[in-house]
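Here is the structure we will look at, set down as C-alpha cells.
The values are calculated or read from the model by the stated rules, or taken from the named source; none is laboratory data. For clarity, every value in this text was computed on a predicted model and none was experimentally measured. Note that each Cβ is placed from the backbone with ideal geometry, even for glycine, and that neighbours are counted across all protein chains shown. Note: areas computed on protein heavy atoms with side chains; ligands, DNA, RNA excluded. Shrake-Rupley method; radii C 1.70, N 1.55, O 1.52, S 1.80 Å.
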Amino acid sequence: MKIAVFVSGNGSNLQCIIDNCKSKQIKGIEISMVIADRVCYAIQRANIEKIDCVIVDRKEKWQHDIHLLLKERNVQLIVLAGFLSILDNKFCSLWKNKIINIHPSLLPKYGGKGMYGLKVHQAVIDNKEKESGATVHFVTTNIDEGDIILQEKTAVKEEATATSLQELIHPIEHRLLVKSLKLIYAKTQSTH
Ligand code: GRF
C-alpha cells in the first residue's frame, strides 16, 4: 500500500514511519511521497531517504494538484504527521476515510482550530488534567473530529510543564502511528 506523508515541522513521526518500514516492523507499506507546506526539517529527512518530496505554496490552490499527483502515483492513504495546514472540504471528501492524523491529546479533548504543538499541552496543564495522551483519527472536514482509530493515555504529573508533557507524549505518538498503520494495512488485506 502506497502512502503519502504530509509534514510541516521536525518530522519525527515521518522518521518513525520510515524506520519502521525499513525494519519491516510495518509490512506492506511504502512511502510514495512527502508533502510539505513550508520549509522544515522533515524535508531533509525525506531527502536523506531519497523519498520524493513536494513543497507546496500555501498561497496557491495546491490541493487539487496534489490530489491529482497522489492519484497518479496510486497513493491509497495520507498520513498527516504534524501537518499544520487545514485541508479543504473538497480534498477531505475526495479522500474520505483515507486520511489519518496524529494529535497529541486525548481527543475529543484539546482538539480543534488553534490546538497544536505546545498550546495543546499548555491547555492540559492549565486545566490541571490528571491524564493526557495521543490520538490517531480519521480526518473529516471538522478539525480533529473524525473517528478515532487508536488512543493511548499517560498520567500528567503535578510538576509537569507543557514542554515536559510534549516530550513525554512524542514517543506515544510514534508508537500509536505505527500501530495504526499496521491496523489499517491489515484491514485492507482482510477485505481483499
Ligand atoms: C506532533 O506532536 C503531532 O502530534 C502534531 O505535530 C507534532 C509533529 O511532530 N500533529 P513531528 O514533526 O512529527 O516531530
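Per the conditions (1) open to solvent by 80 Å² or more (accessible area, probe 1.4 Å); (2) away from the ligand (no atom under 14 Å from the Cβ), the sole criterion not satisfied by Ile3 is (1). If you go through the range 136-163 and pick out every residue that is open to solvent by less than 50 Å² (accessible area, probe 1.4 Å) and without any contact (Cβ under 8 Å) to a residue 40 or more places away in the chain, you end up with 6.
Of the set (1) open to solvent by less than 50 Å² (accessible area, probe 1.4 Å); (2) out of contact with any Cys (no Cβ under 7 Å at 6 or more places or on another chain); (3) touching a residue at least 40 places away in the same chain (Cβ under 8 Å); (4) within 13 Å of the ligand (Cβ to nearest atom), all apply to Val120 but (3). Gly28 meets each of the listed conditions (1) of a type outside the set (S, T, N, Q); (2) open to solvent by 20 Å² or more (accessible area, probe 1.4 Å); (3) within 15 Å of the ligand (Cβ to nearest atom) apart from (3).
Restricting Ser85, Ser105 to those that are in a loop (DSSP other than H, G, I, E, B), within 15 Å of the ligand (Cβ to nearest atom) and in contact with a Lys or Arg (Cβ under 7 Å, 6 or more places away or on another chain) reduces the list to Ser85. Restricting Arg58, Arg38, Arg45 to residues that are open to solvent by 10 Å² or more (accessible area, probe 1.4 Å), within 14 Å of the ligand (Cβ to nearest atom), touching a residue at least 24 places away in the same chain (Cβ under 8 Å) and over 25 Å from Ile184 (Cβ atoms) narrows the list to Arg38.
Of the residues Gly111, Gly82, which is touching a residue at least 60 places away in the same chain (Cβ under 8 Å), open to solvent by less than 80 Å² (accessible area, probe 1.4 Å) and more than 24 Å from Thr188 (Cα to Cα)? It would help to see each step written out before you state the result.
Values: Gly111 fails: touching a residue at least 60 places away in the same chain (Cβ under 8 Å).
Step by step, each of Gly111, Gly82 is checked, and only Gly82 is touching a residue at least 60 places away in the same chain (Cβ under 8 Å), open to solvent by less than 80 Å² (accessible area, probe 1.4 Å) and more than 24 Å from Thr188 (Cα to Cα).
Answer yes if at least one residue in the range 177-186 is closer than 13 Å to Ser105 by Cα and either part of a helix (DSSP H, G or I) or within 14 Å of the ligand (Cβ to nearest atom) (or both), and no otherwise. The answer is no, given that none of the residues of the range 177-186 is closer than 13 Å to Ser105 by Cα and either part of a helix (DSSP H, G or I) or within 14 Å of the ligand (Cβ to nearest atom) (or both). In the set (1) crowded, with 19+ Cβ neighbours inside 10 Å; (2) within 16 Å of the ligand (Cβ to nearest atom), Asp19 fails one condition alone, (1).
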